[in-house]
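Written below as structure tokens is the structure these notes are about.
The values are calculated or read from the model by the stated rules, or taken from the named source; none is laboratory data. Not measured: the values here are computed from a predicted model. Quick reminder, even Gly has a Cβ in these numbers, built from the backbone with ideal geometry, and neighbours come from all protein chains shown. Side chains are part of the model used for accessible areas, which takes the heavy atoms of the whole protein and leaves out ligands, DNA and RNA. Shrake-Rupley method; radii C 1.70, N 1.55, O 1.52, S 1.80 Å.
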Amino acid sequence: MKTFPFIYNEPKEFLKFLQPKDWANFFLGEINPRFSVTATKAKVMDVIEETNDTKSIVLKPNWLWKGFQSGQHLPVTVEIAGRRITRFYSLSSHPSDKYLQITVKRQKGGLVSNFINQNIKKGDILELGDASGDFVFPKDVPKQLLFLAGGSGITPIHSLLKDLEKSKYDGKVTLLYFVRSYEDIILKSSLEKIKSNVKWLEIVYVFSDVPQEGYESGFLTKEILEKYNKDLKSTSVYVCGPSPMQTKALSLLDGVDVKSELFLLPNQNVNQVKKEGTVDVFLTLSHKTIQVKGEKSLLEELEEQGIYPQSGCRMGICHTCVCKKQTGSVTDLSNGEVSELGEENIQICVARAESNLELEL
């Protein structure tokens with residue numbers, strides 16, 4: 001006779017299993033996959049090919065969506081091979097648009113960006129989190145703006161430009177957009193449409209790999225900044241793009257009002273270690289003890305053993321993977337600091353085990 005595998009050792013764990021919201025989500029999902037009482041789910045209304053490695057995904061969220069400001073990003077969760085994986089993407093649409101839109105460029109080795117480009121189609125359902133981020137305009141928008149975009153960094157800037165267009169902005173805006181070639185310009189038709197509708201926008205495409213007659217070529221320099229903006233000290237600058245471009249921009253714009261989202265990976269020198277033996281990691285909610293080497297982040301070492309905690313950016317930015325460390329010590333890979341042995345919240349994507357641990361996972 002088949003018996004029910006009762007695995008709940010604590011009353012609170014059994015009660016958690018009986019949560020009415022979980023059952024409501026299950027039954028609502030059977031009626032319509034977009035229905036939920038706890039999760040913001042969105043139906044894919046369209047998939048637009050922007051370039052050969054970038055697609056815009058048009059989304060209709062359910063009633064739990066709280067809205068966003070131009071320039072913000074949001075977590076997007078997909079299921080890949082049975083694993084729920086979350087990544088953050090900037091919104092390329094405007095808050096007043098009928099539907100949301102994210103624009104996703106394939107990244108080398110990027111699990112989710114490649115999955116979205118290869119597999120997501122009209123009618124699919126994606127799970128969204130709340131929008132966040134301060135890459136937004138202040139209440140009083142400056143009268144002179146310079147946008148520096150690199151590659152897919154155009155995504156939040158496109159949303160900001162749409163915001164200016166809809167608000168009847170009457171200042172002056174210059175966009176310097178750095179891409180490899182003409183074919184790599186993302187959201188080009190929409191950018192050109194905005195430009196044709198307003199008088200205040202100048203767009204300059206700069207090609208780094210394949211020069212083209214009539215366009216700028218090369219990389220970000222002091223000369224190209226001064227060529228298209230004679231008065232940087234009186235200009236508000238928004239920068240979004242690859243880390244090297246943003247680092248260069250910040251060095252050239254010292255003393256200038258700059259807003260930048262510079263997402264840096266954990267310190268690589270801190271990451272590179274070799275250790276003898278293993279340490280024990282006890283997962284208190286799962287009642288499991290595993291052994292890890294303490295050579296990589298806890299997230300990576302857990303995943304290597306078939307354990308997939310919730311995670312997002314994987315670089316210490318989004319805090320999706322935060323969990324409580326009850327005992328033991330870890331190294332913070334973002335700064336090399338070793339934690340105390342006591343209880344604290346840690347981000348397992350940028351934490352490396354230094355001793356036996358107890359984690360609330």
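Annotations
- Scanning the stretch 79-98 for residues that are surrounded by 15 or more Cβ atoms within 10 Å (Cβ to Cβ) and farther than 30 Å from E300 by Cα yields a count of 4.
- Only one entry of K222, K121, K172, K166 meets the criterion of being open to solvent by 70 Å² or more (accessible area, probe 1.4 Å), in contact (Cβ under 8 Å) with a residue 24 or more places away in the chain and in the same structural domain as K41 (by the TED database), and that entry is K121.
- Residue within the stretch 206-217 that is part of a strand (DSSP E or B) and open to solvent by 70 Å² or more (accessible area, probe 1.4 Å) present: no
- Meets criteria (in contact (Cβ under 8 Å) with a residue 40 or more places away in the chain and either small (G, A, S) or under 16 Å from C313 (Cα atoms) (or both)) for V76: yes
- Pairs where the first residue, in the stretch 239-250, is within 17 Å of L145 (Cα to Cα) and at pLDDT 90 or above and the second is β-branched (V, I, T) and assigned to a helix (DSSP H, G or I), C-beta under 6 Å, 6+ apart: C240/I157
- Residue, most open to solvent (accessible area, probe 1.4 Å), within the stretch 305-351, restricted to residues that are touching a Gly at 6+ places or on another chain (Cβ under 6 Å) and not hydrophobic (A, V, I, L, M, F, W, C): S334
- If you go through the stretch 180-192 and pick out every residue that is surrounded by 13 or more Cβ atoms within 10 Å (Cβ to Cβ) and within 18 Å of K166 (Cβ to Cβ), you end up with 3.
- Considering the conditions (1) in contact (Cβ under 8 Å) with a residue 40 or more places away in the chain; (2) open to solvent by 60 Å² or more (accessible area, probe 1.4 Å); (3) part of a loop (DSSP other than H, G, I, E, B), E358 is excluded by exactly one of them, (3).
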